[in-house]
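Okay, so here's the structure we're looking at.
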Amino acid sequence: MNFVFDIDGTLSFDGRTIALPITQALTYLIRAHHKVVFASARPIRDLLPIIPEFEHQPLIGGNGVMTRVSEKLSVLQPLPPAAVQQLKQLIEIHHLDYVMDGTWNYASQVSTDNPILRQLDPQRLA
């Protein structure tokens, strides 16, 4: 049987760890030869730290934009270089905050008063 689990709010309730009973249940499923897949809005690189004991399982990241199966990372369809250049120009002209994800790395410029950051980290721990 195939099982696909979301991470944030389903397996993890603090965004950093998965409780031992849940980890044990996942391990049981894998040992019973079920296919266990982890899915997240997070990119793969940000998904791996929360599931270190399951890093070899199939992974779906970026809400389906990227996958990692058998250690091979795939991106559904990266933006064409011309589109990336246009976005960079708009960001510069309008002094916009941004996070640009690549296959494995990212670049960002986000002001500390950005409402998204306040929502993700209301206590400003990051």
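We did not get these values from a lab; they are worked out from the coordinates using the rules stated. This structure is a prediction, so every number in the text was calculated from the model and none was measured. Virtual Cβ from ideal backbone geometry, glycine too; neighbours counted across all protein chains shown.
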What single numbered condition from (1) closer than 24 Å to P115 by Cβ; (2) of a type in the set (A, V, I, L, M, F, W, C); (3) within 19 Å of the chain's Cα centre (by Cα) fails to hold for L96?
(3)
Any chance D101 is free of Cβ contacts under 8 Å to residues at least 24 places away in the same chain and acidic (D, E):
no
Residue pairs meeting the criteria (Cβ under 6 Å; at least 6 apart or on separate chains; first under 10 Å from G62 (Cβ atoms) and touching a residue at least 12 places away in the same chain (Cβ under 8 Å), in segment 38-50; second buried (at least 20 other Cβ atoms within 10 Å of the Cβ) and among the hydroxyl-bearing types (S, T, Y)):
L47/S40
Wholly enclosed helices (runs of 4 or more DSSP H) of segment 1-112 bearing at least 3 residues hydroxyl-bearing (S, T, Y):
20-31
